[in-house]
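Reading through the C-alpha cells given below for one structure.
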Amino acid sequence: MEFIAFIGIGITVLGGIGFLIAAFKESVWWLIACILISPISLLFLVLHWPEAKNPFFLQLVGLVVIFISAYFGAVVEI
C-alpha cells in the first residue's frame, strides 16, 4: 500500500507544479505570491478558475489516492 501512497504523492506534486505554471503564465507576481503566501493560491484559484481548475483537480485526485491507500493500509494491518 505504500507504493500507492507514493503514486498519490507524485500526482499531488505534479498538480502543484501545474498550478504554479498556471500562476506563472498569468504573471511572475502571481507565481511569487503563490509560493510565498499560501492564501493567495486560493485567491488565484477563484480569480483564474479556467486556467487553474485542471491542476487543482489533479491535486485532489492525488489526495484521494493517498487517503485511500492510507485507509486500506490501516485496514490490512488490523
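Values in this text are rule-based calculations from the coordinates and carry no lab data. Computed from a predicted structure; not experimentally measured.
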- Just one of (i) 21, 41, 23, 13, 3; (ii) 20, 34, 22, 15, 8, 2; (iii) 14, 15, 15, 16, 14, 10, 8, 6, 2, 0 is P(r) over Cα pairs in 10 Å bins from 0, in percent calculated from these coordinates, so which is it? (i)
- Task: Kindly write out, for segment 8-21 in residue order, the coupling ³J(HN,Hα) from the Karplus curve 6.51 cos²θ - 1.76 cosθ + 1.60 (θ = phi - 60°), rounded to whole Hz, with x marking Gly and Pro.
- Result: x, 5, x, 5, 5, 5, 4, x, x, 5, x, 5, 5, 5
